[in-house]
Amino acid sequence: MDKIRVALVEDHQLVRDGMRSLLNSSNTIEVVAETDCAKKMLDLVGTVKPDVMLVDISLPEMSGVELVRLISTQYPNIRVIILSMHTEQEYIFSSLRNGAKGYLHKSISREELIEAIEQVHQGNEYFSKEVSGIILKNYLRHIKNPEREEEYEDKKLTPRELEILKMVAQGYSNQLIADKLFISVRTVESHKNHIMQKLELTTTVDLVKYAIKCGIIDL
């Protein structure tokens, strides 16, 4: 039986090395490509033609979610799994809306990672236990109050915009947000302006109210 061809997109060399070694030790999986950013993988993917792609959500230049969207559009036969430390619902649902077939927390075991790749390759979806719990919780909340989530999802904020919106709503200053995300204060301000334009809001207080209303933060 042919091995499952896997491509890795992870910007931390040590993590990527460990993933490659772990997966290549499996009898069913072969790592055929690896890069530290999304744009490099886009250049490679047409040549290496992986079956499954493992993608970190936080990547330089282009986010993992944007890469998922492009791969799902241009190469629909390639199934993408997000592997991330982020388990906030905005990351999970943005990834799924853009075509991800699985979402795993980086704390999963070797056995579960291999199981996830095999399941997704077979045409199934796969979510680690923690992520499944978040999806279920959101589903139950959506049933109780569907208009709350629909308003939030219709705005189509990017994962970085959602991240900044959440931090603003939690009371972080522009400087603290910049320090935590390793970006400039000017970039933070630019993101906030884009968020306000998309949401048709005018003040930081409005942003906080919106975040509470849509469940992005809890009181």
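The values are calculated or read from the model by the stated rules, or taken from the named source; none is laboratory data. Predicted model, so just to flag it, every value in this text is computed and none were measured. Ideal geometry is used to build each Cβ from the backbone, glycine not excepted, and the neighbour counts take in all protein chains shown.
Quick notes
- Residues (surrounded by fewer than 19 Cβ atoms within 10 Å (Cβ to Cβ) and in contact with a Lys or Arg (Cβ under 8 Å, 6 or more places away or on another chain)) located in segment 28-53: Thr28, Glu30, Val32, Asp36, Val48, Lys49
- Selected residue (only one of Leu22, Leu8 is touching a residue at least 60 places away in the same chain (Cβ under 8 Å) and over 20 Å from Thr158 (Cα atoms)): Leu22
- Residues in segment 118-135 that are charged (D, E, K, R) and touching a residue at least 24 places away in the same chain (Cβ under 8 Å) were compared, and the one that is nearest to Ala7 (Cα to Cα) is Glu118.
- Residue count for segment 79-133, restricted to those that are among the small types (Gly, Ala, Ser) and within 17 Å of Thr28 (Cα to Cα): 3.
- Output for segment 80-98, where each listed residue is at pLDDT 85 or above, surrounded by 18 or more Cβ atoms within 10 Å (Cβ to Cβ) and either among the small types (Gly, Ala, Ser) or part of a loop (DSSP other than H, G, I, E, B) (or both): Ser84, Ser95, Asn98
- Residue in segment 62-69 that is modelled with pLDDT of 90 or more, crowded, with 20+ Cβ neighbours inside 10 Å and either assigned by TED's automatic domain parsing to the domain that holds Asp11 or under 27 Å from His194 (Cβ atoms) (or both) present: yes
- All positions within segment 196-219 that are exposed (fewer than 11 other Cβ atoms within 10 Å of the Cβ) and closer than 17 Å to Pro159 by Cα: Gln197
- Unique match (being among the basic types (Lys, Arg) and either in the same structural domain as His105 (by TED's automatic domain parsing) or at pLDDT below 75 (or both)) among Lys144, Lys209, Lys198: Lys144
- Screening Leu201, Leu181 for residues that are in contact with a helix residue (DSSP H, G or I) (Cβ under 8 Å, 6 or more places away or on another chain) and more than 24 Å from Leu59 (Cα to Cα) leaves exactly one candidate, Leu201.
- Residue satisfying all of: in segment 176-195; exposed (fewer than 11 other Cβ atoms within 10 Å of the Cβ) and at pLDDT 85 or above; farthest from Leu157 (Cα to Cα) among these: Arg186
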